[in-house]
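Notes to accompany the following structure.
Nothing in this text is a laboratory measurement; each read-out follows from the coordinates by a stated rule. Source: prediction; values computed, not measured. Every residue, glycine as well, gets a Cβ built from its backbone with ideal geometry; the counts of neighbours run over all protein chains shown.
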Amino acid sequence: MKFAWIDLRAVPQPQLESIVDAAIHTRMQGVLCDDASVLAALPPTVTGVTTTVVTEEKELYDLGADTAAWVEVHDEPSLRLACEAAVALPLTVVRFADPTKIPLEIVLAAADRSAGKLITVCADLEEAATVLEVLERGSDGVLLAPSDAGEVFALARLLEAGTSPLELTTLTVDRIEHHGLGDRVCVDTCTHFAEDEGILVGSYSTGFILCCSETHPLPYMPTRPFRVNAGALHSYVLGPENRTNYLSELRSGSTTLAVNAEGRTRPVTVGRAKLESRPLLTITARAADDIVVSLTVQDDWHVRVLGPGGKVHNVTELRRGDELLGYLATDQRHVGFPIGEFCKEN
């Protein structure tokens, strides 16, 4: 579980009370402050943090059990010291002099099997978001000096960010209809999909089919493990936080949701979205409770969707009765947000 400490030492007095209140309200794990009266007033849910600057290895072993080592990393010797502290101590705070994240990667790798916690000093929320994901593991915690209470609440939301697994359902193909030309979207992401991963796409906001990534071998062309040939541009694509976008809205820098055959999810960044005219076909499928799910995709053998167990289906070979993986949503949509209103889609 990622956590954050709030650094109050440079907070102007007029903002101090509101920032402390925000830290308490959001249950920040710790507060760093030189004012003993502020620390004494904290509730039991927030810890008053004590740190000691260390510059030599021998100083690491003189620290109390509740005191975090503070290491300033600005060259190779100080980087080695940070690695030693992260391996040996329960709490290590590291501030890196340079904007590159390579020194952080080295400390994380050195302390990979350590039971201690690494806290990285961050200049702002954007850096905190990056630090929490470095090497796919990230720093255990971040230390931020907020400018106002709003940044504390934003930091809390950042810590809570993540993607929950989805309960996928089995859909049964009802019919396949072939159409003429239309515009479809290939979603090229900045990630390497697994063979049982794709994205959830559908013509209706209440039902999606798991479109397969191009990770499986194809004749005549190499695989594109970053790509999903997703569907017609009007289609909904399910993203993080139960939000949807139209495929036509995706562009470089957008975020969408990778989903595997077991329902595990992760956010992925879109590198580009390719809109091209191609022949189309529509898959109509039904869930066990007779909910209809529809998806319009490119009418070509190399476009694939996933079935139970990660079975790969070429869309041009689908037949009535074939089983696909999908996701049913109970809410309608308004500008991508779920909303409990009446809306009938056909």
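Observations on the structure shown:
- Each peptide in 177-188, 49-60, 233-244 was scored by the mean count of other Cβ atoms within 10 Å over its residues; highest first, the order is 233-244, 177-188, 49-60.
- Reported label for calculated P(r) over Cα pairs in 10 Å bins from 0, in percent given [x] 5, 22, 24, 17, 16, 11, 4, 0; [y] 5, 23, 32, 25, 12, 4, 0; [z] 6, 28, 36, 22, 7, 0: [x]
- The simple Förster model, with R0 at 22 Å and r as the Cβ-Cβ distance, assigns Ile102 and Tyr61 a FRET efficiency of 0.20.
- Exposure proxy order (Cβ contacts within 10 Å, fewest to most) of Phe3, Phe96: Phe3, Phe96
- Here the relative contact order of region 1-153, from alpha carbon pairs under 8 Å that lie six or more residues apart, stands at 26 percent.
- Calculated from backbone phi, Karplus (6.51, -1.76, 1.60) coupling profile of region 199-212 in Hz, x at Gly/Pro: 10, 8, 9, x, 7, 10, 6, 9, x, 9, 10, 7, 7, 7
- The calculated 222 nm mean residue ellipticity attributable to helices in the chain amounts to -5000 deg cm²/dmol, summing -39500 (n - 2.57) over DSSP H runs of n ≥ 4 and dividing by all residues.
- Degrees, to the nearest 10: 13-25 long Cα axis against longest axis of the chain: 60 degrees
- Computed 3J(HN,Hα) for region 46-56, one whole-Hz value per residue from the Karplus formula 6.51 cos²θ - 1.76 cosθ + 1.60 where θ = phi - 60°, is 10, 8, x, 8, 10, 10, 9, 6, 10, 10, 9, glycine and proline marked x.
- Dipole in debye (nearest 20) - the chain, about Cα centre, beta carbon charges: Lys, Arg +1; Asp, Glu -1: 1180 debye
- Selection from Gln298, Ser254, Thr170 lying farthest towards where the dipole of region 169-339 points positive, charges on Cβ: Ser254
- Ascending count of other beta-carbon atoms within 10 Å, so fewest first, for Tyr220, Tyr246, Tyr204: Tyr220, Tyr246, Tyr204
- Helix 76-88 axis, angle to the chain major axis (alpha carbon atoms, nearest 10°): 80 degrees
- Glu136, Glu84, Glu105 arranged by Cβ crowding within 10 Å, fewest neighbours leading: Glu136, Glu105, Glu84
- Contact order, relative form, for the chain: 16 percent (alpha carbon pairs under 8 Å, 6 or more residues apart, mean separation divided by residue count).
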